[in-house]
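The values are calculated or read from the model by the stated rules, or taken from the named source; none is laboratory data. Model, not experiment: these values are computed from the prediction. Because the Cβ atoms are built from the backbone with ideal geometry, glycine has one as well, and the counts that use them run over all protein chains shown.
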Amino acid sequence: MVETFIATAGVTDPRVLHSICNTLRHEFMPQEMWKQAYLDMAVPIGDSQTISSPFTVALMTETLRPCETDRVLEVGTGSGYQAAVLSPLVEHVYSIEIMPCLSHQASDTLRRLKYDNVSTRVADGFEGWSEAAPFDKIIVTCSPESVPEPLVSQLREGGTLIIPVGERYQQTLFRMVKVNGKLVREELRPTLFVPMTGEAEDGRQVFPDATNPAVVNGDFEIKARQSNTLDYPFSKVSNAPPMADQVPGWYYGRQVSLMDGSPENAAAVGNTFVRFTNQTPGLSSHLLQGISVDGRHVQQMVLSGFCRTSGVVLGGDVNAAPMVSISLYDDSRSELAVFWLGPFGGTHDWKAQETVFDVPGSSREAILRIGLFGATGTADFDSIRLCKAC
């Protein structure tokens, strides 16, 4: 898992890689999900929560730049996996979870596995943990619409905050450093986390329209992401690295490039498309996007798009092929159905496909995926659309 999904995707800190290698992810998951424990994917753990993908945990841990003397606050204990990964890298982890059942289960797991420098409590993470403050580092594993003020006040001067911020399905992962009492931010990449509940959710101002699901930037014409507007004055980190292989509106990109069309290499629609290239069978090469879908109001949807391939060789797995797929989930994030365009193989010019599918009444959200999915070769995608059927 570490060699295939994490090290190849850009996480290089040897301490972080060693900790991930030595943290048994299946111990933090329901037994019926153990087959997915060492795949690079988020997995439901109950109470509408998920255990983040291994790459996401590794990336956030590396971005936090943990030191052996750090006292770290984690907001969103969830399964306890992130706290377990942090445990050998810092002095102490203080972890908050608003769901009592999850908190108690995670606490039992951490205690059983002898993570003795992790303290847990049931509370609203919006308020932080004032009795244990100040913290050298704070890591937030759920997404508020804006940064909670108590977390800012509990972060020591010079401390680092890692947090996903934004709308429900359009979030950005930030590294923020407290300088002269204010947060200086560095925008890292688009991302998708479960929402921060409690006071943060009560104050949310923007909600997705689940009655009219649509793809954001499905034609890939948006090339530069605008920073989220937050509640605090920020100054941009001048030496922030470029967000390589990032496509606005999409996240978790692997081996993907945003391409400008030319007369010899034209887009299917407009001027821009995305290209996936992979030479290693089974290696990830994809983009994802979350979409709000309410099956009580949407009975049928239409999924369409264009794909062009060059030298594509399908993998041994039936799913290791270029495609556009959409998975529908209920409010507990259990998968209900999967539909797709493709698979596309070999070499061919732009090819359009469309499918109409029924939406289960219990659907509440969807994950749209495009890419090679382990196949080798090159696949281009353009004009990915999703709408209600008339």
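What to note about this one:
- Of the set (1) touching a residue at least 60 places away in the same chain (Cβ under 8 Å); (2) surrounded by fewer than 15 Cβ atoms within 10 Å (Cβ to Cβ); (3) in contact with a helix residue (DSSP H, G or I) (Cβ under 6 Å, 6 or more places away or on another chain), all apply to Ser19 but (2).
- Within segment 171-197, the set of residues being part of a loop (DSSP other than H, G, I, E, B) and buried (at least 18 other Cβ atoms within 10 Å of the Cβ) comprises Leu192, Phe193, Val194, Met196, Thr197.
- Matching entry among Asp40, Asp47 (being in contact with a Cys (Cβ under 8 Å, 6 or more places away or on another chain), more than 22 Å from Leu151 (Cα to Cα) and of a type in the set (D, E, K, R)): Asp47
- Every condition in (1) outside any helix (DSSP H, G or I); (2) free of Cβ contacts under 8 Å to residues at least 24 places away in the same chain is met by Met33 except one, and the failing one is (1).
- Boolean, Ser362 is modelled with pLDDT of 95 or more, among the polar types (S, T, N, Q) and assigned to a loop (DSSP other than H, G, I, E, B): yes
- Residues in segment 371-386 that are among the aliphatic types (A, V, I, L, M) and under 18 Å from Glu335 (Cβ atoms): 1 in all.
- The criterion of being more than 21 Å from Gly203 (Cα to Cα), crowded, with 18+ Cβ neighbours inside 10 Å and either of a type in the set (A, V, I, L, M) or modelled with pLDDT of 95 or more (or both) does not hold for Asp116.
- Every residue from segment 290-311 that is small (Gly, Ala, Ser) and over 15 Å from Arg369 (Cα atoms): Gly295, Ser310, Gly311
- Listed by first and then second residue, the pairs linking a residue in segment 99-114 that is without any contact (Cβ under 8 Å) to a residue 40 or more places away in the chain to a residue that is surrounded by 12 or more Cβ atoms within 10 Å (Cβ to Cβ) and β-branched (Val, Ile, Thr), with Cβ atoms under 6 Å apart and 6 or more places separating them unless they lie on different chains, are Pro100/Val122; Ser103/Thr77; Ser103/Thr120; Ser103/Val122; Ser107/Thr120; Leu110/Val118.
- Only one of the numbered conditions (1) of a type outside the set (Ser, Thr, Tyr); (2) under 22 Å from Met29 (Cα atoms); (3) at pLDDT 95 or above; (4) in a loop (DSSP other than H, G, I, E, B) is violated by Pro66, and that is (2).
- Residue in segment 255-270 that is modelled with pLDDT of 95 or more and buried (at least 21 other Cβ atoms within 10 Å of the Cβ) present: yes
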